[in-house]
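The values are calculated or read from the model by the stated rules, or taken from the named source; none is laboratory data. Just so we're clear, the structure is a prediction, and the values are computed from it rather than from any experiment. Virtual Cβ from ideal backbone geometry, glycine too; neighbours counted across all protein chains shown. Side chains included, ligands, DNA and RNA excluded: accessible areas come from the protein's heavy atoms. Shrake-Rupley method; radii C 1.70, N 1.55, O 1.52, S 1.80 Å.
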Amino acid sequence: MSGGLVAALMGLAVVDSLNLSTIAVVILILLTVQRPVATGWVYAAGAVVAFFGLTMLVYFGASFAGTLVEDLATWMRRVIFVGFGVMFVVFGVRRFRTRERRGYPLLRWVSPVTAFPLGVVATLADLPNAFPMFFAVERLIDAEVPGAAAVAALAGYTAIYAVPTVAVLVVGIVLKNRPRDRFRDVYDRLTSGEVAASRRMAGLHFTLAAVCFVVAVFFV
C-alpha cells in the first residue's frame with residue numbers, strides 16, 4: 001500500500017473513533033455500575049469485535065459484489081455521498097424544532113456477563129455513523145489491495161477506532177475517583193439539556209445535503 005493510502009486510512013479511522021455514543025456509554029459504566037472495570041473492558045471488547053466484524057462483512061461483501069458489478073468503487077462513492085445527503089436532510093429537518101437530548105439510562109442487568117452483547121448491539125445500532133469505514137473499504141478496493149493486506153489494514157483501522165474508548169477506560173481505572181466529576185460533566189453535556197431550534201443550522205445542513213447530492217451525481 002502507498003503512503004498516501006495508509007495516511008488516508010489512518011485519518012478516516014481517527015474520525016471514526018470519535019464516536020460520542022460509545023464514549024458516553026463507557027463513561028456511564030464507569031460512573032454507575034458495581035464492577036465498572038470489568039464491565040467497561042468487556043463492553044469495549046464487544047464493541048471492538050462487532051466493529052471489526054462489520055468491517056470484514058462490508059469488505060468481503062463489496063469485494064464479492066465487485067466481481068459482479070463494474071466500477072463498484074464509483075457506485076460505492078455515490079451511495080456514500082447520497083447517504084451523507086439523506087443524513088444532512090434529516091439533521092436539517094430536526095433543527096426546525098427544539099428537542100431534548102436523549103440520555104443513556106443503564107439498565108440493572110448491565111454487568112461483566114451482559115456487557116459484551118451490549119457492546120455488540122450498541123455498535124450495530126450506531127452503524128449509520130460509521131460512514132468513514134465505508135470510505136476506507138472503498139479506498140482499499142479501488143486501490144486493488146490484496147485481501148490479506150486489506151484485512152490487516154482494517155484490523156489496524158479497528159485498533160485506532162478503539163483508542164478513545166480504551167483511553168477513557170484507562171483514565172477511569174488509573175485515576176479512580178479523581179476523574180469522576182469530570183466524566184459526569186462530560187456525560188451530562190452529551191446527554192442532557194436541549195438542542196435549540198435554529199433555521200440557520202437547518203439551512204447549513206440542507207446546503208451540505210445539496211452538495212453531497214451534486215457530488216454523487218456529477219463528480220463521482
Does at least one position in segment 159-168 carry a residue that is in a helix (DSSP H, G or I), open to solvent by less than 60 Å² (accessible area, probe 1.4 Å), under 30 Å from VAL93 (Cβ atoms) and modelled with pLDDT of 85 or more? yes
In segment 18-49, which residues are at pLDDT 90 or above and under 13 Å from the mean Cα position of the chain (by Cα)? ALA47, VAL48
Being closer than 21 Å to MET76 by Cβ, of a type in the set (A, V, I, L, M) and either at pLDDT 85 or above or in contact with a Cys (Cβ under 7 Å, 6 or more places away or on another chain) (or both), is that true of even one residue in segment 195-209? yes
So MET87, is it of a type in the set (A, V, I, L, M), in contact with an Asp or Glu (Cβ under 8 Å, 6 or more places away or on another chain) and either part of a helix (DSSP H, G or I) or open to solvent by 40 Å² or more (accessible area, probe 1.4 Å) (or both): no
For LEU20, state whether it is out of contact with any Gly (no Cβ under 8 Å at 6 or more places or on another chain), in contact (Cβ under 8 Å) with a residue 12 or more places away in the chain and surrounded by 20 or more Cβ atoms within 10 Å (Cβ to Cβ). no
Every residue from segment 169-183 that is of a type in the set (Val, Ile, Thr) and either open to solvent by less than 80 Å² (accessible area, probe 1.4 Å) or at pLDDT 90 or above (or both): VAL170, VAL171, ILE173
For residues that are assigned to a helix (DSSP H, G or I) and either touching a residue at least 12 places away in the same chain (Cβ under 8 Å) or in contact with a Phe, Trp or Tyr (Cβ under 9 Å, 6 or more places away or on another chain) (or both), tally how many sit in segment 144-158. 10
